[in-house]
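A short reminder: the numbers here are calculations on the coordinates, not readings from a lab. Small disclaimer: the values here were computed from a predicted structure and weren't measured. For neighbour counting, all protein chains shown are included, and Cβ atoms are generated from backbone atoms with ideal geometry for every residue, glycine included.
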Amino acid sequence: MVKSPLLNKLFRTIHSTRGPFFGVVAVVAVGLSVFISMVAVSDNLLRSRESFYRQTDFADLFFHVVRAPEGVVEKIAAVNGVCGVSGRIQKDVSLFRPDGTRATLRLTGFRLPMENELNRILVQKGRLFENNPEGGVLEILLNPQFAKANGLRPGSTVSVAAEGKEKPMEVVGIAASPEFVYAVKDAASVFEDPSGFGVAMMSLKQAQQILDFRGSVNQILVRIVPGTDLNRLRKEIRTILEPYGNLADYPQKDQISEAILRGELEQLRVAATFLPSFFLGLATLMQAVFLGRLVKAARTQIGLMKALGYDNGRLMLLYGGYSLASSGIGGGVGIVAGYGLARVFTRLYATYFNLPRLEAAFNPRSAGLGLALTLALGCLAGLLGARFILEIRPAEAMRLPSPRRTVKLFLEEWPFVWERLDLASRMSLRSIFRNRFRSAVTFLGVLVSIGMLVVSLFTRDSVESLFDRHFNWELRYDLLARFASPVKSSELLNLERLPGVLRVEPLFELPVRLTFRGRHEETVVFGIVPGQSFFGISDHRNRPRGLPVSGLLLDWNSARKLGARPGDILEMETLLGKGPSRKDRLTVAGLCRKSVGRVSYLDLQTLNSILQETGLVTGAAIKTGWGQSLKTERAMTGMINVSSVISRQKEREYMERNLAYMNLSVAILVAFSSLLGLAIIFNASALAFSERRRDLASLRAMGFSRGEVAMFLLKENLLLLAAGTFAGLPFGRLLSEGYARAVRTDLFSFAAVVFPRTYLLATAGGAAFSALAFFLGLRSLKQLDVAEIVKARD
Amino acid sequence: MPSGEPLWKLEQVTKTYLMGQVLVTALQETSLEIAEGELMVILGPSGSGKTTLLNLIGGMDVPTEGKIFYSGESLEKADEKRLTAYRRDVVGFVFQFSNLIPDLTALENVALGAALTQRPLSPEKVLEEVGMADRMGHFPAQLSGGEQQRVAIARALVKNPRLLLCDEPTGSLDCSTGKRILELLERANRIYGTTVVIVSHNAAIGRMAKRIARMSSGRITSFSENPSPVSPGEIEW
């Protein structure tokens, strides 16, 4: 069968322009693979989250109280709109590790049988705990990250301090819980090492026994009838729980693990729209420009085909087919590469998020959507590029084309500038302004790829600067010890006597509910002493400041949520969980901002007087001698009332070790941005070369060397490259800010920090692109048949 | 044979090209001598090897066999660098299609040629001489075919070359414009003493030269002397 001659021509055109063709294919493939991978990862996460939450019946509302009788569960179940209630106990205890250090274990009690309970768990290894195990052994299940980090498995025994007594517990299994998909202690501990915080799941009965909670619970989980007014229900349940010491209540979306997971999904959503739109948009423009040039170069042939009787439609189809082919191939490669990437990212997510069914599944929806999008853009590029076909008249196309029209530039009106330019620069400037669309695409391409290089690298800068700020400025202690319950500050003397300790400062971490003009905000207030030196405090503009003489130094994020400003008076309700809840009115003395977590500050003495106590503390910040912190930490082993010890150094080391995900995405983004830059420069050089073949051959015939002619060619691209790079740096900064704003959460104050190093690296990228353009020009010049071109018509 | 000592000498030059899978012989065992200050016309039908011969003399190409000497120096084994220097310092080309740079004005196109050599002529003056004084600031797109060709001649002349090679310089022009172009070439030969070699398929042009070479099928078939060359203005075709 004879193939259509037009189809043959299409294949041959692709073959003869394979360099720029595959340049476009690469950019389409990159754009689509980013899109596919992000959508696929986000779909995988969403799907496994939904199925996990459904399987385990994850609660809609959470209520924390000091202590409530188990019977309250029935009362709440009777409330209109409630379709499921579970009561349970949850409390943090200390786990002693064999090396003398300790970890925090969140003991959570589950009623057995579990079928009708909310927030059920999924046993991944071993077996479920029992209500009455043989020999009264305390049986627990652990979350996989903590078990792995501490080398614990079913059959291991751990030692836990509960209610002042050391108790051995047996690990009988590993389990996943919907509220610990991302296991983290609280909003301020997002950076903590998983080996330092774990979840221990046990039977409610055993938990009640060891925590001295017989017949009582301290948490109520509620599932609501869909469509119920959440706020009304919250208010109603709060009233029922009022006599039992309301500590906190929040909906599912504010539950910490869910909030972190949602933040991650939001980041993926932003990345899935933000990045591919640049790549696909640029690929479309590149295709349109290149196709336009192809059509113009084939003017005579098109005229001839028109003379033979081919209509505009068939010729448009021929040239439009060129861009459809590049979109189709790019789309195919993008889908395959996108799934490859999705597998890598999903595997990486699986190490952070404990979602039992998190796996990379092929998603026909995203593949279909991506392919349809690239083909639609291919059509658009085809129409844009091939529109010149309509302008070609057969009779005119047969005649020799007149020299390209050039007009004087505005710059020529300023002889003092214009006359200083050499001829190559004048040629380049005129050519840039004559081919405005083509120049604009090259400029935009360089601008975007440099901008993307800045964005790719800025995440590292920002995280480094966030780490630096958090670990070197905001936290200056070596160890933070927390007590199981508030103690007199004189107890700190015991800490001061420990080996290696240089200085100890008291701290009271008080959970509170702040109310201002009907708005509520639950947060933590740090009670510290004036003149303390272990907590670096900065105002909302990140300028260092001290503790105010009186009043509350309110966290910036909380202030924003409450709509409060300095000078306003807030109502503060303490949610300590021990002793009666107190209410007081406090003036906002100023605003403060922390890079990780939300904390407000109050003078320790004022805090004590609000609690109607004197000299109470819940923890201590400790400075040790150089290299002594491990020794000090081990020395605290015997202190049962110390519930946890956090080492700043270990936290930092853990975070730095765990930047694999970030490094991988930075590397992929840098590779993609560079590929974009290279493809843009490659295509721009190919276009400039093919359009100027005759001019360049004439220069060579006149006696200009290859290097000199390559410089002529480079100058035009160089001007666009320099302009694109110059504009790309601030553009990158803007993109970084936009990106930081888009992914900022209540937990992270992610500021867009761009180090000069990043600008330098991005500029070096621009220089590398220029060098590439020069060598591409030189290579093409070597293949230029000067004698043939100068004598030919066109 | 030229009267003076030949400055360019081609001995038994052959040039073959591989076009696809076919070996094409464009020039066969051709010998030619050109004296300094000479005005020579090479005539022949299309495909006879005129342009190939011109390209070899101009250092645009090297022969497959045979020798080419310029001022006693051998060119056939010269590398790309040497050939570029030769084209830069010795040769000026005028093509059938002016091949001007569209992004440069007439004056800038000529200045581009001037920038290549140590002792160029003044671009303005050369443009004046070719009758383009009032069109210096125009771009090629704003000039007629004849004007473009005049600028191309000025661009070749401004380098003050020893040899001006013209490949069908009137090929794309009407008769009267073509005559004015030939007058310019004749003037360059007479006033500056530039050696001029014109190749053309138009036999009438031969009347302006003292010596005419005729080519056919890749060979010079004859040389003829013209004791009384006429001014280009008197030629009709």
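Name the residue that is surrounded by the fewest Cβ atoms within 10 Å (Cβ to Cβ), counting only residues in region A:593-618 that are at negative phi and assigned to a loop (DSSP other than H, G, I, E, B). The residue in question is A:Thr614. Counting only residues that are outside any helix (DSSP H, G or I) and not polar (S, T, N, Q), region A:620-653 holds 14 of them. For region A:708-729, residues that are more than 10 Å from chain B (Cβ to nearest Cβ) and not aliphatic (A, V, I, L, M) total 6.
When region B:62-80 is filtered for residues that are free of Cβ contacts under 8 Å to residues at least 60 places away in the same chain, surrounded by fewer than 17 Cβ atoms within 10 Å (Cβ to Cβ) and at positive phi, only B:Gly72 remains.
Entry remark, region B:58-84: residues being within 12 Å of chain A (Cβ to nearest Cβ) and closer than 17 Å to B:Leu7 by Cα number 3 in total.
Does region A:297-313 contain any residue that is touching a Gly at 6+ places or on another chain (Cβ under 9 Å) and in contact (Cβ under 8 Å) with a residue 60 or more places away in the chain? No, every residue in region A:297-313 fails to be touching a Gly at 6+ places or on another chain (Cβ under 9 Å) and in contact (Cβ under 8 Å) with a residue 60 or more places away in the chain.
When each of A:Ser485, A:Ser449 is tested for being more than 14 Å from chain B (Cβ to nearest Cβ), of a type in the set (S, T, N, Q) and more than 23 Å from the chain's Cα centre (by Cα), the lone residue that passes is A:Ser485.
Number of residues in region A:37-57 that are crowded, with 23+ Cβ neighbours inside 10 Å and farther than 19 Å from A:Glu266 by Cβ: the value is 0. Apart from one condition, B:Pro123 fits all of (1) buried (at least 22 other Cβ atoms within 10 Å of the Cβ); (2) at the interface with chain A (Cβ under 10 Å from one of its Cβ atoms); (3) not aromatic (Phe, Trp, Tyr); the exception is (2).
Anything in region A:93-131 that is within 22 Å of A:Gly215 (Cβ to Cβ), surrounded by fewer than 17 Cβ atoms within 10 Å (Cβ to Cβ) and acidic (Asp, Glu)? List them, or say none. Once the filter is applied, which keeps residues that are within 22 Å of A:Gly215 (Cβ to Cβ), surrounded by fewer than 17 Cβ atoms within 10 Å (Cβ to Cβ) and acidic (Asp, Glu), region A:93-131 yields only A:Glu130. Restricting the search to region A:89-106, which residues are assigned to a loop (DSSP other than H, G, I, E, B) and touching a residue at least 40 places away in the same chain (Cβ under 8 Å)? Within region A:89-106, A:Ile89, A:Arg97, A:Asp99, A:Gly100, A:Thr101 qualify.
Taking region A:567-592 as the range and being part of a loop (DSSP other than H, G, I, E, B) and in contact with a Ser or Thr (Cβ under 6 Å, 6 or more places away or on another chain) as the test, the residues that pass are A:Lys578, A:Ser581, A:Arg582.
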